[in-house]
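The values are calculated or read from the model by the stated rules, or taken from the named source; none is laboratory data. These numbers were taken from a predicted model, which means no experiment stands behind them. Glycine gets a Cβ as well: all are built from the backbone with ideal geometry, and neighbour counts include every protein chain shown.
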């Protein structure tokens, strides 16, 4: 947690923000997990009966932020945590927003005319079923931007960036809820989870509100 103005980043609401970075040394030692998670539970070892609601975070990506070739960034994620048959805990993603490399994705339906390492956003799921219908959005740089996911359990997740619809995740493709019989909780994650040294990303006001 830092005072963002010490790094040339404007305040948004308060005077402290979270700073996430994967440095070259982090990457060399496979320290990719620059992220935070919030787990939702009913207090009895199970997820809530209904995880619908609005999940959001505000991000500031400096104009120098980049996605190196061959890497990606997991910026917003939902996960299902459950017990395996041996009693150990397993945490699998459900749906998420990734940042990809504009140079790679420009020839695969992504926006054109951007520098090659410019971040472009898209969604996917753990089943990998969304590649044939993926949509892209160039991520605004140099200002605070809202990332929002409106979850409608067993139906869909509408993902928004800067008030614009990025894409819709549908339960008909992959579950929009914790779905294992041994599920423990439902997790919302934010950050700069990446296998590439991409420069810092700043976050403020991560929140959940009921529908």
Can you tell me which residue is farthest from residue 114 (Cα to Cα) among those in region 43-52 that are surrounded by fewer than 19 Cβ atoms within 10 Å (Cβ to Cβ) and in contact with a strand residue (DSSP E or B) (Cβ under 9 Å, 6 or more places away or on another chain)? 45
Check whether at least one residue in region 10-33 is at pLDDT 95 or above, within 20 Å of the chain's Cα centre (by Cα) and closer than 27 Å to residue 154 by Cβ, and report yes or no. no
Just the residues that are surrounded by fewer than 17 Cβ atoms within 10 Å (Cβ to Cβ) and either farther than 16 Å from residue 67 by Cα or out of contact with any helix residue (DSSP H, G or I) (no Cβ under 6 Å at 6 or more places or on another chain) (or both), please, taken from region 106-116. 107, 108, 109, 111, 113, 115
Anything in region 140-179 that is part of a loop (DSSP other than H, G, I, E, B) and free of Cβ contacts under 8 Å to residues at least 12 places away in the same chain? List them, or say none. 172
How many of the residues in region 22-41 are surrounded by 11 or more Cβ atoms within 10 Å (Cβ to Cβ), assigned to a loop (DSSP other than H, G, I, E, B) and out of contact with any helix residue (DSSP H, G or I) (no Cβ under 9 Å at 6 or more places or on another chain)? 3
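Residue by residue, here is whether (1) over 27 Å from residue 39 (Cα atoms); (2) surrounded by fewer than 15 Cβ atoms within 10 Å (Cβ to Cβ) holds:
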| position | (1), (2) |
| --- | --- |
| 69 | yes, yes |
| 91 | no, yes |
| 97 | no, no |
| 104 | yes, no |
| 130 | no, no |
Count of region 110-139 residues which are over 19 Å from the mean Cα position of the chain (by Cα) and either assigned to a strand (DSSP E or B) or at pLDDT 95 or above (or both): 6
Restricting the first residue to region 85-103 and requiring it to be at pLDDT 95 or above, which pairs with a second residue that is outside any strand (DSSP E or B) and exposed (fewer than 13 other Cβ atoms within 10 Å of the Cβ) meet a Cβ separation below 9 Å and a spacing of at least six or different chains? 90/84; 101/69; 101/70; 102/112; 102/113; 102/115; 103/69; 103/115
Among the residues in region 57-71, are any free of Cβ contacts under 8 Å to residues at least 12 places away in the same chain and over 14 Å from the mean Cα position of the chain (by Cα)? no
